[in-house]
Amino acid sequence: MRFVVSLLSVVVAILMQAAPAAAIDRFVSTSDGIRLHVVDIGPTDPAAKSSASVLVFVPGWTMPEWIFQPQIDEFSRAHRVIAIDPRGQGQSDAPKQGYVHTRRAEDISDVLRGLDLRNVVLVGWSLGVLDTLAYVRTHGDATLSGMVLIDNSVGEDPPPSSGSAPPTERGPKLTYAQRMAQFVRSMFRAKQPETYLQQLTSAALHTPEPAARQLLAYPVPRTYWKAAIYATEKPIFYVVRPKFAGQAGNLAAHHKAAETMVVDGVGHALFVDDPARFNTAMADFLARRVER
C-alpha cells in the first residue's frame, strides 16, 4: 500500500508539472470608463523564476490578442503573460472616441496600473509598435525592463515607402468587410487554415470602420516616434521584414540598447508565419539582455 501511495504521488506531481495553467480573461477599466479585455496566464513551469519579466503583448491594427497565441503558449511556461485587446479590438469595448496615440498609451498605462505590473517587457506589433512608443513618450520607462517591436517604422531613416492605399481606402466597390478580409489574407506568406483567416477577419470587424480610419492617421510626425525610442535606454529588440532593414540598421548603429533582426520570407504577421524562429530569437534576447 505504501508503494502504491508513493507511486500515485509521483504520478500526480508529474501531471501537475505538465498541466498548463489556465488563461484568465480579465477586464480592466480605463480612466475614461472603457473596459479593456486582457488574457492573463502563466507561468506554467514550476521552476520559473519569480523575478522573470512580465510580457505584455499589444497587437496591431484591428487585431485581437489571440493572434499572439503561439507566443502566449510558448512564453507563459516561464513568464506571466498579458495579452491586450486594445480599445475597439477583440473583446474590448468599441466606443466612438479614443482612437489616438495618447489615449492608446493611456490605455496601456491603465492595464499596467490596474494589474499592478512591474518589470514589464512590452511586445508591440504593427500599430502596437506606435502604441508602445507612445506609452514610453507619455509615461516614461520606469515600469519597463525592455521592449520588443515588430514590423513597423520607429521613425528612423529611411522613411518607409508609401506602398499601396490602406485597407479602408482600397477597392471602392468593395464593402468594409470585404476589404478587411483582403487585409487579413495579406498579412501572411505562409498558408493559414481557412477557418483561422475567417475567424481573424470576423475579429477584425469588431473595430468600427470610423475607428479603423482614425487609427491609421495618428496626427504626429515621424520624429515623434524616433524621439520616443531614443528616450529609453532599456533593451530593445526590433524585428522586421526587409522593407524596414534600413531603419533596423540605423537603429542598431545609433541606439546602444537596441538589437535588430531582419526576417525574410514571411508576411507582416511574421511571428505567426514563422513562430519557431521568432520565439527562439525573442527568448534569446530576453535571456541575454533583460534577465541576465
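A few remarks follow.
- Under the condition of being in a loop (DSSP other than H, G, I, E, B) and either touching a Phe, Trp or Tyr at 6+ places or on another chain (Cβ under 7 Å) or over 26 Å from residue 51 (Cβ atoms) (or both), the residues counted in the range 248-292 number 9.
- Taken over the range 221-238, the criterion of being under 18 Å from residue 290 (Cβ atoms) and not β-branched (Val, Ile, Thr) is satisfied by 233, 234, 235, 237, 238.
- Checked across the range 236-250, the condition of being among the basic types (Lys, Arg) and more than 26 Å from residue 262 (Cα to Cα) holds for no residue.
- Scanning the range 190-218 for residues that are of a type in the set (Val, Ile, Thr), exposed (fewer than 15 other Cβ atoms within 10 Å of the Cβ) and either touching a residue at least 24 places away in the same chain (Cβ under 8 Å) or part of a loop (DSSP other than H, G, I, E, B) (or both) yields no hits at all.
- Restricting attention to the range 128-143, the residues being under 18 Å from the mean Cα position of the chain (by Cα) and not charged (D, E, K, R) number 9.
- Residue under evaluation residue 145, criteria (1) in a strand (DSSP E or B); (2) without any contact (Cβ under 8 Å) to a residue 24 or more places away in the chain; (3) not hydrophobic (A, V, I, L, M, F, W, C), criterion not met: (2)
- Exactly one residue out of 237, 244 is aromatic (Phe, Trp, Tyr), touching a strand residue (DSSP E or B) at 6+ places or on another chain (Cβ under 9 Å) and assigned to a helix (DSSP H, G or I): that is 244.
- Unique residue being surrounded by fewer than 20 Cβ atoms within 10 Å (Cβ to Cβ) and at pLDDT 95 or above when the list is 113, 170, 104: 113
- Considering (1) β-branched (Val, Ile, Thr); (2) in a loop (DSSP other than H, G, I, E, B); (3) under 22 Å from residue 154 (Cα atoms), the lone condition that residue 223 does not fulfil carries the number (2).
- Odd one out for residue 243 among (1) under 20 Å from the mean Cα position of the chain (by Cα); (2) at pLDDT below 95; (3) not β-branched (Val, Ile, Thr): (2)
The values are calculated or read from the model by the stated rules, or taken from the named source; none is laboratory data. Keep in mind that what you see is a predicted model, and the values were worked out from it rather than measured. A quick note on method: Cβ atoms are made from the backbone with ideal geometry, for glycine too, and the neighbour counts reach across all protein chains shown.
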